[in-house]
1. Within the group Met22, Met13, which residue is closer than 13 Å to Val57 by Cβ, among the aliphatic types (A, V, I, L, M) and open to solvent by 60 Å² or more (accessible area, probe 1.4 Å)?
2. Looking at Trp58, Trp70 in this structure, which one is under 26 Å from Leu29 (Cα atoms) and either open to solvent by 60 Å² or more (accessible area, probe 1.4 Å) or in contact with a Gly (Cβ under 7 Å, 6 or more places away or on another chain) (or both)?
3. Go through segment 25-54 and report how many residues are of a type in the set (A, V, I, L, M), open to solvent by 30 Å² or more (accessible area, probe 1.4 Å) and touching a residue at least 12 places away in the same chain (Cβ under 8 Å).
4. Going through segment 84-94 one residue at a time, which ones are more than 15 Å from Val55 (Cα to Cα) and open to solvent by less than 10 Å² (accessible area, probe 1.4 Å)?
5. Out of curiosity, is Ala65 part of a helix (DSSP H, G or I), open to solvent by 50 Å² or more (accessible area, probe 1.4 Å) and within 30 Å of Gln3 (Cα to Cα)?
6. Among the residues of segment 24-46, what is the count of those that are more than 13 Å from the chain's Cα centre (by Cα) and assigned to a helix (DSSP H, G or I)?
7. Applying the selection to segment 99-117, what residues are exposed (fewer than 15 other Cβ atoms within 10 Å of the Cβ) and either assigned to a loop (DSSP other than H, G, I, E, B) or in contact (Cβ under 8 Å) with a residue 24 or more places away in the chain (or both)?
8. Arg98 fails exactly one of the following numbered conditions: (1) at pLDDT 85 or above; (2) under 22 Å from Ala15 (Cα atoms). What is the number of that condition?
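The values are calculated or read from the model by the stated rules, or taken from the named source; none is laboratory data. These figures come from a predicted structure and were not determined experimentally. Virtual Cβ from ideal backbone geometry, glycine too; neighbours counted across all protein chains shown. Surface areas here come from the heavy atoms of the whole protein model, side chains and all, with no ligands, DNA or RNA. Shrake-Rupley method; radii C 1.70, N 1.55, O 1.52, S 1.80 Å.
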Amino acid sequence: MTQLLLLKAIHLMAAILWTGGMLVLALGLCCGRPAEPLITRLRAWDQAITVPAMVVVWAAGIAIASLGGWFPDGWLLVKLVAVMVLSGLHGLLAGTLRRMLVDGAHLRPGLARHAAPAVAGCIAVIVLMAVLKPL
């Protein structure tokens, strides 16, 4: 029981770091093309904090779901879809930062405008599914 609670605590801490890091990336990119020093710092933040946190979220989450026997449950499937959307969005943001540094590519306006609200929406779905387990 104590090990499961520790695993849940690690999962939650990593989820906060991951989603917080994604919000930092989204908000850092939302106001047009940032200066190169900011792009460099955002990319360093992503590689040092956000990516490792995402890996821990996935690993701990799969372990918790396996231990709980929750894989056939509807609420977990909805939560997993939201986590996959977050993972994809993270890939888009990280790739955009990399391309901005490598070849000076510009940020797509839709991504800049909708990334932070999309992250917030996914967080809301994930928290509601995990806490209420409605399905």
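1. So the residue among Met22, Met13 that is closer than 13 Å to Val57 by Cβ, among the aliphatic types (A, V, I, L, M) and open to solvent by 60 Å² or more (accessible area, probe 1.4 Å) is Met13.
2. Going through Trp58, Trp70 in turn, just one is under 26 Å from Leu29 (Cα atoms) and either open to solvent by 60 Å² or more (accessible area, probe 1.4 Å) or in contact with a Gly (Cβ under 7 Å, 6 or more places away or on another chain) (or both): Trp58.
3. 4
4. Leu93
5. So Ala65 does not fit the description; no.
6. Of the residues in that region, 13 qualify.
7. Within segment 99-117, Leu101, Gly104, Ala105, His106, Arg108, Arg113 meet the criteria.
8. (2)
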